[in-house]
Structures are given as C-alpha cells and as structure tokens.
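One structure is given below, encoded as structure tokens.
The values are calculated or read from the model by the stated rules, or taken from the named source; none is laboratory data. Remember, it's a predicted structure, so these values are computed and weren't measured experimentally. With ideal geometry, Cβ positions are generated from the backbone for all residues, glycine too; neighbour counts draw on all protein chains shown. Quick note on the areas: whole protein, heavy atoms, side chains included, nothing else; ligands and nucleic acids left out. Shrake-Rupley method; radii C 1.70, N 1.55, O 1.52, S 1.80 Å.
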Amino acid sequence: MTKDWNTRTKLVHAGTRRSQYGEVSEAIFMTQGFVYDTAEAAEARFLEAGEDEFIYARYGNPTVRMFEERIAALEGAEDAFATASGMAAVNGALTSMLKAGDHVVSARALFGSCLYILEDVLTRFGVTVDFVDGTDLDAWKAAVRSETKAVFLESISNPTLEVIDLKAVSQIAHAVGALVVVDNVFATPIFQRSLELGADVVIYSATKHIDGQGRALGGVILGRREFIRKTVEPYLKHTGAAMSPFTAWIMLKGLETMDLRCRAQAASALAIAEAVAGHPNVEQAIYPFLPDHPQNALARAQMDKGGTVLSLVIKGGQGGAFKFLNALEIIVISNNLGDAKSIVTHPATTTHQRLTPEKRASLGISDGLVRISVGIEDTEDLIGDILAALENL
Ligand SMILES: *Cc1c(COP(=O)(O)O)cnc(C)c1O
C-alpha cells in the first residue's frame, strides 16, 4: 500500500480521506468542532478518539490530518503533527521535550528565529544550550554530555549552505541518549532522508517548498508515533499553534507538485552556480554540489541533489550586492525561499541585520553575500538575468 509507493505517488495520494461525496480534490473541512450522535458518544470520544474521530480543530481536523499523513508518508515517519508555522514546529518540538536541567547542543549557524528560541527562550526555563560549529565533529563530541537531551541542527545552514554530517552527529548524540532534531527545510524531504541518516525528529517550515507558491505559513513535526502523540501532541493541542484546515489544504496541494518543483529548482540552481562561478564580479559561488564546496563529498553522499538555494559573494561588498539586487529583472527581492518565483535576499541587511558585525563575520555572512532561492522559471532566463546584473556592476 502507501508504504510501497514511490515518492511522486505518495505526494499525490497518501493520506487522502474521501467524504460520502467521493470528491477527487481533497475537501476543506472548515469546521472548528464536530457533532456527536449521543452524549455517550461524546464521552467515549473524549476518553479515546479513534482514527476518524475528531473533537476540536485545535486537536485535529480531517484536512489537517490528510496533510500530516501525506507528509509522514513522504518522510517515512510514523507520525506527524502540523503547526501554524515553521517556528511553531521548532518551538513545539523543543519545548515539549525539554525541562529545567536539560542540556541542548546546537549548530551555531541557524535561522534567526531558531537562534532566538534556543538562546533566549529555552534558557529562561533552566535549559542550558551550547553552540558548536556544526561541521566540526570533534566539537559535537566535546559538547555532548549525559544531561544532553537534544541536539539541534539545520541540515544545510542558511545562508552560507554549510552541510552537516547527519549520520555522524546522530551517532555522537545517540551515544549519550540525546534525540537528534533536524530542521530540514534547506535539504527538503525530496533530497534528503533524514530519518534514515539517524535523525529522531524532523521539522519543516511548510511555508517554504511544501506550499512552494508563497501563499501561507505552516509547519510540521515528524517522528516516532510515541514521541508525536505522547510528547508533542499534548503540548501543541493545549498551547494552540494549530494549522488551519484551509492552510492544510494549500499544503496538500503543494505536496502534489513538490517533487516536480524541487527537482526543476535544484537543476536550475546547479546550472546557475556553474554558470556564474568564476565570473570576475563573483568572489565566491556557494552551492553544495559545486566541486569546491567544502563539504561537497558529504553533500553528494547525503543528498540526491544540492538543493534549491545558492549563495554568491558579489565583488564590492554591500554596494556591489545592492547594485546586483537592484539590476535583477526576473528575480525578485524578498526573503522567502522554496517559492516558484526566484527570490534574492541580502542577509547582512535583512534576515541577519540584528546580529553584530563580528557575529555575522563568524558565520561567514559577509556584506557582499546574496542568497538566491531558485524558482521554477526557465533556467536560461534566470542565468541571463543574473549575468546581465553582474555585467552591470
Ligand atoms: C523559514 C524557516 C523557518 C521558520 O518557518 P516559518 O514558517 O517562517 O515560521 C525555520 N527554519 C528554517 C531553516 C527556515 O528557512
């Protein structure tokens, strides 16, 4: 059944629940509650809800459940819990599993809001957090200890695209009994099977490639059934970061085309990286599948493709980068990624503006660095747009 299907079949069919009308496209159950036939039925459902029984949309909803089952089938996870945003998923996974006295080790190159949760939120409740260079396995080994309950990392970091050895970090974490929590947005579930590599919990911002068309915020936590139902669900259903049924429907429709989109985007990203590497106005082209990427061999072993994002260091620092952004005609200036539209970001003055210059430098975020999320437009058009903007410097 579902388990034997290949990815593209799962993305179209897994998790589908049809109503009595036999609709082809997934129904949006835009309802906050559910009617019970009798008082006894209500009592029984509150005691234990069956597979197709729902109580309240904060706890679960048929459209949301379809999304959870489809993404779980894709990831090869036992279960999933959908959330209102990617950050609700990161916060929900970490906060539900940690308590005062616990220790967390995290890669230091993180999405800004993830850094906030680890540095500013968890530490207020007595959790200690240590940050390491995620590519340095000795640093991971030195940082874990018996109180370490979780290690946290982004499989490819934003925006410098460092690749972390998930198998090796998982072995280090499991040796002290810690769970491995991976924010796998940049690698995508299409190109990296994180659970097979050793991760225990995988998180996505569905806002990115899963929607893939820049419409809605969403997130999801995937892992073993016991963890999702006994640890994550109680926390999330009572704290309220539920995904809306309408959003779940958008995400279901996004999943249908995700494999096609991600493959087209990754092929274009590689072609662009190859076309601009060595350009006199490009100091550095960063893409995991370029041979000069520091973790190229690891990236090729761990991922089927290099992902949909590349970064360029433009000559001339911020001035050069701004000129480049302003000269692009197809690629829009924004800060989402994984979208059908190609998007360019200048991290130092936007997503990473709040960091001190020293911190940015330590993360490799120079003033000339631009991040390009490659969309599904024609590859030659995108290369033409980028080359024309580079000529213009
Ligand atoms: C976007 C993003 C998030 C946050 O997701 P939202 O849906 O915006 O809340 C977390 N981690 C990574 C790596 C992201 O790219």
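I'm checking my understanding of the structure. Among residues of the stretch 32-68 that are in contact (Cβ under 8 Å) with a residue 24 or more places away in the chain and open to solvent by 50 Å² or more (accessible area, probe 1.4 Å), which one is nearest to ARG229 (Cα to Cα)?
TYR59
Could you tell me which numbered condition LEU387 fails, if it satisfies all but one of (1) of a type in the set (A, V, I, L, M); (2) in contact (Cβ under 8 Å) with a residue 60 or more places away in the chain; (3) open to solvent by less than 10 Å² (accessible area, probe 1.4 Å)?
Just one mismatch for LEU387, condition (3).
Please name all residue pairs, on different chains or six or more residues apart, with Cβ atoms under 8 Å, provided the first residue is in the stretch 219-244 and is crowded, with 22+ Cβ neighbours inside 10 Å and the second residue is basic (Lys, Arg) and part of a loop (DSSP other than H, G, I, E, B).
Listed by first residue and then by second, the contacts come to ALA242/ARG58.
Can you tell me how many residues in the stretch 204-218 are within 11 Å of the ligand (Cβ to nearest atom) and either surrounded by 24 or more Cβ atoms within 10 Å (Cβ to Cβ) or outside the structural domain of SER244 (by TED's automatic domain parsing) (or both)?
8
In the stretch 200-224, which residues are over 17 Å from ALA242 (Cβ atoms) and not charged (D, E, K, R)?
VAL201, VAL202, HIS209, GLY212, GLN213, GLY214, GLY223
Filtering the stretch 245-264 down to residues that are within 16 Å of the ligand (Cβ to nearest atom) and aliphatic (A, V, I, L, M), which residue is most open to solvent (accessible area, probe 1.4 Å)?
This residue is ILE250.
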